[in-house]
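Asker: Below you will find the structure I want to go over with you.
Computed from the coordinates by the stated procedures, all read-outs in this text should not be read as laboratory data. These figures come from a predicted structure and were not determined experimentally. As a convention, Cβ positions derive from the backbone with ideal geometry for all residues, glycine included, and neighbour counts pool all protein chains shown.
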Amino acid sequence: MVSCPGGWPLRRCARACARALYFLCFLFVLARPAPALAHAALISTAPLGGSVLASPPAQAELVFDEPVSPLVFTLISPDGKTVSLHRVRQKNDRVLIDLPPLAGKGTFGLSWRVVSADGHPVGGTFVFSVGAPGGAKIARGHRNVMRDAAIWLGRFLLYACLFFGVGAALFRAWARRGPAAAPGIAVAVLAAGVLLVPATVALQGLDALNAPFSAWLRPNVWQTALATSYGMSAALSLAALLLALVSLAVDRRPARVLALAAMVAVGLALAASGHASTAAPRWLARPAVWLHGVAVGCWLGSLVPLWRMLERPGPAASENLQWFSRWIKLAVAALAISGLALVYLQFDRVSSLWRTSYGQVLMVKLALLVVLFGLAVYNRYRLTARVVGGDVDAARAMRRVIAAEIGVALCVLAVVSVWRFTMPPRTMAMAESVRPVSFHVHTPQAMAMVTITPPHGHHPAAMDIALMKNDGGVLEPEQVTVYFSDAAAGVQPVRRAARRQADGTWRIARLNLPPLGAWTVRIDALVSDFDRIRLETKVRLGF
């Protein structure tokens, strides 16, 4: 009869695993609620980006497509001086920033940096002018290549320590005939992982604050990192590594419990942050990530003990190899099912596999997995029976193939670590669907910069209008009315009145329009009782 690790009947083992999985996922969802969309996208700003205001604003507002956590905000004056902004408040998906008194006229920049639900920092800069455009040019921020390389290396090494170290401890504890091999390699790998965890936390804080390497000892760097979702992931990773270390030093029965708990913690660590864990729906995404991580750990963690065990083939090695060959099928099946679920959650169309960076990384990973599975199949169906039969040459050949498996697996982990810097296609598509539509309208008398924000979440579509004279001066009409029409479709003008905002721009807060797509937009600005300016253009809306 086929049995699970520890000798339990397969059906009993499956029921126990299912109950444990449901319970752990239930606790995890309760403990770590998070929005469904990864990588927050900026929807709109106030003041309107690029607008010219008659008077300096007292407050700025950023609206995102999901709730975010504020990190760093900086005001750049026309003379190039910078001022850090600390009076920041968050209200769901809105971030309100109190501005200091703005002296003089010219172009100001507001640099912002927030962290999204998946634990990844997002930043940018928008500009606005007071009186008239002018002053220092606002430079675009650049990624710190060395910091990104360090983040990638830390992520790759930590993955390797978690999967190979914790997996080796689990294999050693549950092996059929005593310890599969001396724990020296496992201890070294797990100890290295314990040292890596704080290093990756520091890098997360530096990335979140866009700070240099020299700032890694500052308390705010660590506080910021631990406040993100990666803080929970790091804590669970450390717990997994320590539990696995302890399991190597205790008797067999408690070692099994500790090693199993360590592998459960590995899955939870992976599900605590990242793109995949915040995909919608979360009830599917997080269990899939957990199951995927556990399956990977069970497979990869067995490779080094098997390699060491085959140095001296014998009855114990043969029995352990047969046991491994039986239960690894369950791990591979779980790996494939959870992997397919994650691909479904992250991709919106097949073409995203080669048109997006995320998809290209996945294709490289799949190519490496084909090689890895090929090596595993060769071991299972060409060498296992011979090794069990006492063929020393087959044992040597299997050791060489396992060494190749370890090398390919490390390449897979290195490739997967690149996902830290990419955005999943489905998230990109969702962000694109709420991307504002901006356009300019010019006449001999005036010009207008218009931004139409599509509906998102509980927010309806909105329209913001910044009116200016052709010389760059501020135009201050008494009334602004916007007409939307489509003569070709027989749609008569839809009239919407705009309201003046505190910063001098005009806004239609609820732009409810029929979903026609193409519109003729006419803006009527009443400057005085005898002077009216009309601006008209055609625009296509995707909602």
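Asker: If each residue of separation counts as 0.36 nm, what is the full-extension length gain between E319 and F421 once their alpha-carbon separation is subtracted? Write down the numbers at each step before the final one.
Answerer: Working: separation 102, 0.36 × 102 = 36.72 nm, distance 4.37 nm.
So the chain would gain 32.3 nm between E319 and F421.
Asker: Continuing with this model, one more query. Work from the charge dipole of segment 434-543 (Cβ charges, +1 for Lys and Arg, -1 for Asp and Glu, about the Cα centre) and give the residue of V450, V480, A509 farthest towards its positive end.
Answerer: A509
Asker: Go through 119-129, 236-246, 349-359 and give me the packing order, highest mean Cβ count within 10 Å leading. The partial results should precede the final answer.
Answerer: Values: 119-129: 20.5, 236-246: 23.4, 349-359: 15.2.
Result, highest mean first: 236-246, 119-129, 349-359.
Asker: So, one more: Quick one: grab Rg to one decimal and Dmax as a whole number for segment 382-525, Cα atoms only, in Å.
Answerer: 30.6, 94
Asker: Another question, then. Grab the DSSP H runs of the chain that are 4 residues or longer, score each as -39,500 (n - 2.57), total them, divide by all residues and round the 222 nm result to the nearest 500 deg cm²/dmol.
Answerer: Values: 14 runs with 245 residues, N = 543.
Here the helix-only value at 222 nm equals -15000 deg cm²/dmol.
Asker: Projected onto the charge dipole of the chain (+1 at Lys/Arg Cβ, -1 at Asp/Glu Cβ, origin at the Cα centre), which of A244, A265, Q59 gives the Cα projection farthest towards the positive end?
Answerer: Towards the positive end, the residue furthest out is A244.
Asker: Follow-up question, since we're still on this one. Convert 37 °C to kelvin, take the viscosity as 0.692 mPa s, use the Kirkwood radius over C-alpha pairs of segment 426-510 as Rh, and evaluate the Stokes-Einstein diffusion coefficient in µm²/s, rounded to a whole number. Could the numbers behind the result be given before it?
Answerer: Working: Rh = 14.5 Å.
The calculation lands on 226 µm²/s.
Asker: Ok, one more. Stokes-Einstein diffusion coefficient for segment 198-349 at 4 °C in a medium of 1.567 mPa s, Rh from the Kirkwood formula over Cα pairs: what value in µm²/s?
Answerer: The calculation lands on 73 µm²/s.
Asker: Something else now. Using a Förster distance of 45 Å, how high is the FRET efficiency between T82 and D348, based on the Cβ-Cβ distance and rounded to 0.05? Let's see the in-between values first.
Answerer: Values: r = 39 Å, r/R0 = 0.87.
That pair, T82 with D348, gives E of 0.70.
Asker: So what are the three principal axis dimensions of the chain from its Cα atoms, in whole Å, longest to shortest?
Answerer: 102, 55, 37
Asker: While we're here: If each of T125 and R532 carries a label point 7 Å out from its Cα toward its Cβ, how far apart are those two points in nm?
Answerer: 4.2 nm
Asker: Something else now. How much FRET efficiency would the formula 1/(1 + (r/R0)^6) give for D251 and A149, where r is the Cβ-Cβ distance and R0 is 51 Å, rounded to 0.05?
Answerer: Numbers: r = 43 Å, r/R0 = 0.85.
My answer for the efficiency is 0.75.
Asker: Separate question: According to the square roots a ≥ b ≥ c of the eigenvalues of the Cα gyration tensor, what is the shape class of segment 320-462, taking rounded for a/c under 1.5, prolate for a/b larger than b/c otherwise, and oblate for the remainder? Could you put the intermediate results ahead of the total?
Answerer: On the way: a/c = 5.76, a/b = 3.50, b/c = 1.65.
Cα axes put segment 320-462 in the prolate bin.
Asker: If you don't mind, there's one more thing I want to ask. Rounded to whole Å and sorted largest first, list the principal axis extents of the Cα atoms in segment 477-517.
Answerer: The Cα atoms of segment 477-517 stretch 37, 18, 11 Å along their principal axes.
Asker: Need one number: % antiparallel among DSSP beta bridges in the chain, to the nearest 5. Please list the in-between numbers first.
Answerer: Details: 77 of 79 bridges.
Close to 95 percent.
Asker: Taking a cut-off of 19 Å between Cα atoms, list the aspartates and glutamates near K329, but don't count ones fewer than 8 places away on the same chain.
Answerer: Reachable aspartates and glutamates: E319, E405.
Asker: Now for a separate question. Going through the cross-link list K105/K538; K469/K538; K81/K469, which pairs have a Cα-Cα distance over 31 Å in this structure?
Answerer: On the way: K105/K538 33 Å; K469/K538 21 Å; K81/K469 28 Å.
K105/K538, as the Cα separations exceed 31 Å there.
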